[in-house]
Structure formats: C-alpha cells, structure tokens
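I have placed the structure first, in the form of structure tokens, so that the comments after it can refer back to it.
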Amino acid sequence: MKFPQIRELLSGKRVDKTVSLRGWVARKRSSKKVAFLTIRDSTGRIQVSVNREANEEMYNIADSIGYEAALIITGKLVADTRAPGGYEIRAEKIVVVGKSENFPITKDQSQEFLLDVRHLALRSQRLTAMLKIRSSVFEAIHNYMRKEGYTEVQPPMFTTAGSEGGSTLFKVKYFDKEVFLSQSWQLYAENFIYAVEKAYTIAPSFRAEKSKTARHVTEYWHYEVEATWLEFEGLLKLMENVIAAICKNVAKKNDYELKVLGRDPQALLKITPPFPRITYDEAIDLLKQKDIEFQYGKDLGAHEERLIGTFFDKPVIVTRYPREIMAFYKKVDPKNPKVCLNANMLAPEVGEIIDGSERESDMDKILESLEQEGLDPKEYDFYLDTRRYGSVPHSGFGMGIARVVMWLCGFDTIKDAIAFPRTMARVKP
Ligand code: 4AD
Ligand code: MG
C-alpha cells in the first residue's frame with residue numbers, strides 16, 4: 001500500500017478519495033460527538049476527525065490516545081475550510097503502531113528543559129524545519145563546489161598543532177601522547193591543494209570555547225575551501241557566490257519550512273552578489289556613528305558586528321584587519337604591512353559567518369608570525385613544506401554552517417541551528 005505524505009494530501013490532489021496516512025499525534029481535542037487529532041509527519045500537519053456516532057470504539061481510541069503515538073489512519077480526505085490547511089481526513093480506521101504515554105514535552109516549558117529532552121524536542125515543527133533547511137545548505141554547498149571543479153577531501157580530526165590559537169584547542173589523550181581535536185583543516189588544506197588544486201571539506205571542528213555566547217558552540221560543522229592561484233578578489237567573489245547559491249537553494253527547497261519559521265523565501269532570493277564591502281577602518285567609522293568608541297587593533301565582537309550589520313540589508317564583507325590579531329597564515333597586504341588581505345563576512349543579526357584570506361607566501365613572514373603567536377615552528381614543519389616546495393599564491397575560507405543556518409532561520413541562538421548542540425555546559429543528550 002502507498003502512504004502519501006501530508007504535504008501531498010494538503011495539495012488537494014486526492015480530495016474525496018480514501019487515503020491511508022502514517023504519522024504521529026501532535027495535538028488532540030474532543031467534544032462529545034467528535035474527536036480531532038492533528039497528525040504530523042516530516043512534511044506537515046493535517047487534521048483528522050473521528051465521529052463518535054459512526055464508530056464508538058475508534059472514537060475512544062482517538063479520545064484517549066497519547067501525544068506522539070504513531071498511527072496509521074485510513075479515511076476520506078475532504079476539503080473543509082475550518083480545518084487548518086483546508087483539508088481534513090474523516091477517519092474510518094485507526095491502527096496504533098506505537099503507543100505513547102506521558103510524552104514529556106507539553107506547552108510552555110523552559111529552554112533548559114527542552115535542551116534536556118532535545119532528542120524529543122527534535123520532533124517539533126521548529127526543529128524539523130531547521131533540519132530540512134540545514135540539509136539544503138549542505139546540498140547547495142556540495143552542488144556549487146562540484147560545479148566549480150572542487151575536489152572534496154577529508155582532513156584528520158586528531159592533530160598535533162592548532163591554527164586558530166591555543167586557547168580553544170581541545171586536548172585529548174592519544175595513548176601515551178597528548179594531541180588536539182581539529183579546530184580547522186587549515187594546515188592540511190594548504191597541503192591538499194598541491195595535489196588537487198581546488199579543495200573543500202565539510203567536517204566537524206572543535207573549539208574549547210569557555211565563553212557562553214549565543215553564537216559559539218564547542219563542536220560545529222565547518223565548511224572550508226582552499227584553492228591554488230586564487231587571489232584576494234577571486235576569494236571574495238567565491239564567498240558571495242556560495243552564499244547566494246545557499247540562499248537560492250533554501251528558498252527553492254524550503255518554502256514550507258521558512259514559512260513555519262516566519263521567514264520570507266522571497267527575501268532570500270534578493271541575497272545576490274555584489275555584497276557590500278568595507279575595510280576594518282571603515283567598520284570602526286560606522287561604529288563611531290553609533291556612538292561606540294572602538295579601540296583600533298581589537299577584534300570585532302558580537303555586539304559590534306551586529307551594529308555594523310544594521311547598516312546593510314545583505315551580508316557585509318569586512319576586509320583588512322590589523323595584522324597583530326590575524327592568524328600566522330594570513331597574507332600581509334603588500335600595499336599596507338599593518339593589515340592582512342583577510343575578509344570576514346558578517347550576516348545581519350548573527351555577525352561573522354565566514355572567515356577567509358589570501359595566504360602568506362613569504363616563508364620569513366610566516367616564521368615571524370609564528371614566533372609572535374608563541375608557536376613552535378618545529379610543530380609546523382610539515383605545514384612549512386607547502387612554502388618550501390613549489391609555493392604558489394592561494395586563498396581560502398571557513399564557514400560555520402550552524403551560523404548560516406541560524407541566520408537563515410532567524411534564530412537568536414546557534415543552539416537551535418544544531419540537532420544536539422554541545423557547549424561548555426552541555427554534552428548530553
Ligand atoms: O574564524 P575561524 O576560527 O577561522 C578558521 O578556522 C579558518 N582556518 C578558516 C579557513 O580559512 N579555512 O572559523 C571559521 C568560521 C567562523 O567564521 C564561524 O562561522 C565558525 O567558523 N566558527 C564557529 N561556529 C560555531 N561555534 C564556534 N565556536 C565557532 N568558531 C568559529
Ligand atoms: Mg574568525
């Protein structure tokens with residue numbers, strides 16, 4: 001037997017036919033004469049009515065059924081303007097496939113409780129919509145990268161040196177040694193490209209973030225790109241094009257989910273290149289207009305990034321940060337040695353979603369920067385081989401997928417953009 005999904009039933013194609021539906025009980029209410037169930041599946045929700053006079057036994061099942069019980073319902077699909085979505089199934093038969101008693105999630109529970117039962121909260125409309133949108137983000141990245149001739153590669157997760165600063169490295173016991181969980185594929189990326197030229201990956205990154213912010217987690221999926229012969233201007237275009245491709249795919253595939261979240265699919269179709277571009281210095285000037293005294297040389301924080309975002313209706317690219325706060329591999333601007341050829345893309349409300357740069361090709365400058373960061377060049381010897389043997393201009397970036405999903409979904413915390421978020425305070429469920 002074929003079981004149509006709810007989205008198909010709500011399209012009305014099968015109106016006045018007998019249908020069988022598989023799903024779970026999301027809501028229920030009964031009067032003396034009729035029991036109403038709202039049944040959900042991964043594609044939506046539909047009302048089912050059970051008439052007591054027609055079948056008392058079935059009415060009793062519906063009246064006493066628990067939230068989240070799994071059912072197969074057979075009945076006639078009818079158009080009814082009173083039903084949400086305009087259609088209702090008049091049940092003729094209900095089979096209980098999996099019973100459910102005392103489902104722990106009821107109305108108005110605290111965020112913390114919902115995180116405690118995250119494995120069950122995933123079934124909510126909000127998180128189901130997020131999961132579908134997130135999947136479309138992955139799809140768009142893979143399609144775009146492959147169309148552009150990039151090779152997908154996989155870096156190791158156990159590493160012996162960091163690239164993004166020691167304070168966020170997770171140490172792990174590795175037999176009798178101590179190693180780190182990968183923060184970024186950076187040191188490997190710059191080696192991969194001497195084989196495949198244009199490389200990308202989507203892999204977990206781990207950060208021992210001690211801060212509890214709305215946009216930091218300790219484990220996230222990191223989409224990273226690196227390419228030979230790619231210079232700064234080309235890098236900025238690549239960032240813009242990937243974001244536009246993601247927005248387009250989500251608008252196309254997730255109309256329903258965006259509406260569940262109160263987001264406008266049409267607005268996403270307007271996120272097309274070129275994006276506004278400003279320098280770090282210009283960003284500071286914008287902050288001054290908002291009466292923020294920002295000290296030159298500091299990194300932009302969440303608050304500052306959000307304020308800068310308010311000047312634009314698309315993501316904005318901020319370039320050329322002070323060299324002192326940039327990681328050792330970022331290229332110094334040949335026109336101004338105080339800054340790097342780097343770029344952060346800031347999304348409205350969320351702030352930094354992408355971090356990228358042209359890479360330093362001068363070995364001496366890298367050694368100097370390693371020293372400034374207090375890093376031991378011996379640990380980076382394999383990485384320095386990229387500059388010893390046939391070094392070429394190259395660039396790359398990293399994008400936190402959950403930050404992009406947070407922005408697309410309009411969430412105020414990154415935790416909602418991840419199925420099972422990990423933070424300093426939470427590693428369960
Ligand atoms: O800015 P980050 O640290 O840059 C890098 O790791 C570079 N090696 C990337 C590259 O050039 N290949 O991290 C990149 C992105 C950030 O822009 C942000 O979107 C995300 O990763 N990110 C986090 N997302 C969630 N939780 C955290 N703790 C994150 N830290 C970074
Ligand atoms: Mg960054």
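The values are calculated or read from the model by the stated rules, or taken from the named source; none is laboratory data. This structure is a prediction, so every number in the text was calculated from the model and none was measured. Positions of Cβ are backbone-derived with ideal geometry, glycine not excepted, and every protein chain shown enters the neighbour counts.
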Count - residues of the stretch 380-429 that are charged (D, E, K, R), closer than 22 Å to GLY356 by Cα and more than 16 Å from ligand 2 (Cβ to nearest atom): 2
Residue identified as touching a helix residue (DSSP H, G or I) at 6+ places or on another chain (Cβ under 9 Å), surrounded by fewer than 21 Cβ atoms within 10 Å (Cβ to Cβ) and of a type in the set (Asp, Glu) among ASP255, ASP281: ASP255
Verdict on GLY85 being within 19 Å of VAL15 (Cα to Cα), outside any loop (DSSP other than H, G, I, E, B), in contact with a strand residue (DSSP E or B) (Cβ under 7 Å, 6 or more places away or on another chain) and of a type in the set (Gly, Ala, Ser): no
Cβ pairs under 7 Å, 6+ apart, first in the stretch 383-412 and within 15 Å of VAL137 (Cα to Cα), second part of a helix (DSSP H, G or I) and within 16 Å of ligand 2 (Cβ to nearest atom): ALA402/ILE414; ARG403/ILE414; MET406/ILE414
So LEU346, is it crowded, with 16+ Cβ neighbours inside 10 Å, under 28 Å from the mean Cα position of the chain (by Cα) and away from ligand 1 (no atom under 16 Å from the Cβ): no
Residues (within 15 Å of ligand 2 (Cβ to nearest atom), under 26 Å from ALA227 (Cα atoms) and touching a helix residue (DSSP H, G or I) at 6+ places or on another chain (Cβ under 7 Å)) located in the stretch 170-211: GLN183, ARG207
Candidates LEU120, LEU169, LEU181, LEU187 - the one that is within 30 Å of GLY44 (Cα to Cα) and more than 19 Å from the chain's Cα centre (by Cα): LEU120
The stretch 68-79: number of residues that are surrounded by fewer than 17 Cβ atoms within 10 Å (Cβ to Cβ) and either closer than 18 Å to ALA26 by Cβ or among the hydroxyl-bearing types (Ser, Thr, Tyr) (or both): 3
Matching residues in the stretch 348-379 - criterion: being closer than 16 Å to GLU231 by Cα, more than 16 Å from ligand 2 (Cβ to nearest atom) and modelled with pLDDT of 95 or more: GLU360
Near pairs, Cβ below 7 angstrom, 6+ apart or cross-chain, from the stretch 128-149 (more than 20 Å from ARG403 (Cβ to Cβ)) to any residue that is at pLDDT 95 or above: THR128/SER42; GLY149/LYS198
Index of the failed condition, VAL339 passing every other in (1) under 26 Å from ALA161 (Cβ atoms); (2) within 14 Å of ligand 1 (Cβ to nearest atom); (3) in contact with a Lys or Arg (Cβ under 6 Å, 6 or more places away or on another chain): (2)
Yes/no for LYS210 being modelled with pLDDT under 95, among the basic types (Lys, Arg) and over 28 Å from THR386 (Cα atoms): yes
Unique residue being among the small types (Gly, Ala, Ser), surrounded by fewer than 18 Cβ atoms within 10 Å (Cβ to Cβ) and within 16 Å of ligand 1 (Cβ to nearest atom) when the list is GLY301, GLY262: GLY301
Residue list for the stretch 141-169, restricted to those being away from ligand 1 (no atom under 16 Å from the Cβ) and either closer than 25 Å to TRP229 by Cα or assigned to a loop (DSSP other than H, G, I, E, B) (or both): HIS142, ASN143, TYR144, ARG146, LYS147, GLU148, GLY149, THR160
Some residue of the stretch 302-319 being within 16 Å of ligand 2 (Cβ to nearest atom) and farther than 28 Å from ALA402 by Cα: no
VAL217 of a type in the set (A, V, I, L, M), within 9 Å of ligand 1 (Cβ to nearest atom) and not in a strand (DSSP E or B): yes
Some residue of the stretch 95-109 being surrounded by 12 or more Cβ atoms within 10 Å (Cβ to Cβ), modelled with pLDDT under 95 and part of a loop (DSSP other than H, G, I, E, B): yes
Checklist (1) in a loop (DSSP other than H, G, I, E, B); (2) modelled with pLDDT under 95 applied to ARG123, failing item: (2)
The lone exception for ALA54 - which of (1) at pLDDT 95 or above; (2) out of contact with any strand residue (DSSP E or B) (no Cβ under 6 Å at 6 or more places or on another chain) it fails: (1)
